[in-house]
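Before any comments, here is the structure.
The values are calculated or read from the model by the stated rules, or taken from the named source; none is laboratory data. Remember, it's a predicted structure, so these values are computed and weren't measured experimentally. Ideal geometry is used to build each Cβ from the backbone, glycine not excepted, and the neighbour counts take in all protein chains shown.
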Amino acid sequence: MPHPATLPAESLLKDCSVERTRRSGPGGQHRNKVETAIVLTHLPTGVQAEASERRSQPENMAVATFRLRVRLAVEVRSDVDLDAGPSERWRSRCVQQRIRVNPEHDNFPAMLAEALDTLAACDWDVTTAAQKLGCSASQLGKFLQLETPAFTVLNQQRLSRGLHVLKPR
């Protein structure tokens, strides 16, 4: 079963409830009269994400979907076959042991999920996980720092196992 953060938006939204609502803030009458805010709940996991900063419901839906994929990447773990090596997506974005992806790119949530799943399978040992993913340990650490909650999960898991906490760079 693929990690939910790796699913295309259309497939992911099939497993979600969508709530349209109003939010206060800038945007004037249009924002206060029209239900442009979106709250998504991934039904199998209960993970939620929302967006209300745009005046357009479709724009808020796109932002909320991306945020949901990132939250799923951080909060949900899937089993990974360490012998299979990294995914094609990961290999295409990891060149000469450097991870090249913008945190706003559509591949970011899936790569974040893969990194955290690999770390979990390696008992949160960054060096071992980095070797399995084909990057350096420092690159993996920097990548996780792009999403503060992911870096926090890493350090919480390491701390619970008696491993030293990684410092942000």
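Structure data summary
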read-out	value
Among (1) over 25 Å from Val63 (Cα atoms); (2) touching a Ser or Thr at 6+ places or on another chain (Cβ under 7 Å), the one test that Ala110 misses	(1)
From Glu114, Glu104, residue being within 19 Å of Val47 (Cα to Cα) and either touching a residue at least 24 places away in the same chain (Cβ under 8 Å) or surrounded by fewer than 18 Cβ atoms within 10 Å (Cβ to Cβ) (or both)	Glu114
Residue within the range 40-60 that is modelled with pLDDT under 95, in a helix (DSSP H, G or I) and under 18 Å from the mean Cα position of the chain (by Cα) present	yes
Which numbered condition Pro149 misses (of (1) in contact (Cβ under 8 Å) with a residue 60 or more places away in the chain; (2) crowded, with 16+ Cβ neighbours inside 10 Å; (3) not hydroxyl-bearing (Ser, Thr, Tyr))	(2)
Condition met for Arg31 (buried (at least 18 other Cβ atoms within 10 Å of the Cβ), modelled with pLDDT under 75 and outside any strand (DSSP E or B))	yes
Any chance Pro103 is part of a loop (DSSP other than H, G, I, E, B), in the same structural domain as Thr152 (by TED's automatic domain parsing) and in contact with an Asp or Glu (Cβ under 9 Å, 6 or more places away or on another chain)	yes
Residue count, the range 84-101 (criterion: touching a Gly at 6+ places or on another chain (Cβ under 9 Å) and surrounded by 14 or more Cβ atoms within 10 Å (Cβ to Cβ))	4
Options Leu159, Leu140, Leu154; residue that is more than 30 Å from Ala9 (Cβ to Cβ), of a type in the set (A, V, I, L, M) and part of a helix (DSSP H, G or I)	Leu159
In the range 61-89, residue farthest from the chain's Cα centre (by Cα) [restricted to those that are in a helix (DSSP H, G or I) and β-branched (Val, Ile, Thr)]	Val63
Qualifying residue in the range 7-22 (condition: polar (S, T, N, Q), outside any strand (DSSP E or B) and at pLDDT below 85)	no
